[in-house]
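Down below is the structure, laid out as structure tokens.
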Amino acid sequence: MFYLHPPKNRTKMIEASQVLKLYDSGERDFSGVNLKQVNLSEVNLTEVNMWRANLAEINLSRAVLRRVNLSESNLTGATLWRTDFQQASLIEAQLSQGMLIRTNFSQATLYQSVFRNADMRLACLKGADLRGADFSGANLSYADLRLANLTGANLSHAVLTGASLAQTNLSNTNLEGAILEIN
């Protein structure tokens, strides 16, 4: 169950299956919804707006979320295995302690997002805007960070074993304690 548009007085409580029904009927604005611990794996929610949504511990494995707006959303502890976030906006989103193995963030805007202690092995962040993002303690082993902008990002104590960093902007990036074994 989740709440549709919760910041106002009363919110409408609907079943998780309603997300797909509403989406199929043309609804795209799910701003502020509460989908904590919901399973929406393998769904297609392209171009949906979930600004400031509570998606903590959600399962969106193998979901297609291209060009979505998840800015300022809480995805702490989320399972995002092979989730497709191409060209998505996740500005100031919280993704700490999430399972983001093989997640595709190519050309996504992740400005000042937080990925503390996230498992991001083999993630694709090619061409992503990661300015000011916090990857402290994250595992980015074999991640594709080519052409990404990591200006001012925090990669302290992150694992970057085998990561692709060709043409990545690392200006003013904190790499203190990071493990860098690049091929």
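Laboratory data are not the source of any read-out in this text; all were calculated from the coordinates shown. Keep in mind that this is a model prediction, so the values were computed, not measured. Using ideal geometry, Cβ is built from the backbone for each residue, glycine included, and neighbour counts are taken over all protein chains shown.
Provide, in order from the shortest bin, the percent of all Cα-Cα pairs of segment 103-173 in each 5 Å bin, continuing until the bin that contains the maximum pair distance.
Spelled out per bin, shortest first, that is 5, 21, 30, 36, 8, 0.
Taking 7 Å along the Cα-to-C-beta vector as the label spot, tell me the residue 161-residue 27 distance in nanometres, rounded to one decimal.
Taking the two extended label points, one gets 4.5 nm.
Per residue of segment 41-47, what does 6.51 cos²θ - 1.76 cosθ + 1.60 with θ = phi - 60° give for ³J(HN,Hα)? Whole Hz please, x for Gly and Pro, Karplus curve as stated.
5, 6, 9, 10, 10, 4, 6
If r is the Cβ-Cβ distance from residue 67 to residue 170 and R0 is 30 Å, what FRET efficiency results, to the nearest 0.05?
Values: r = 27 Å, r/R0 = 0.90.
Computed FRET efficiency for residue 67 and residue 170: 0.65.
Provide Rg and Dmax in Å for the chain, with only Cα atoms included in the calculation.
In Å, with Rg to one decimal and Dmax whole: 16.1, 54.
Once phi is turned into ³J(HN,Hα) by the Karplus curve 6.51 cos²θ - 1.76 cosθ + 1.60 with θ = phi - 60°, what whole-Hz value does each residue of segment 156-162 show in order, with x for glycine and proline?
Taking θ as phi minus 60°, the curve returns 5, 6, 7, 9, 10, 4, x Hz for segment 156-162.
Once label points are set 7 Å from the Cα along Cα→Cβ at both residue 20 and residue 37, what is their separation, rounded to one decimal in nm?
Using points 7 Å along Cα→Cβ, the separation is 2.2 nm.
Quick one: which residues, 5 or more positions from residue 59 or on another chain, have an amide H under 5 Å from its amide H? H modelled 1.01 Å from N in the peptide plane, none for Pro or chain starts.
Excluding prolines and chain starts, which carry no amide H, the hits are 38, 39, 40, 79.
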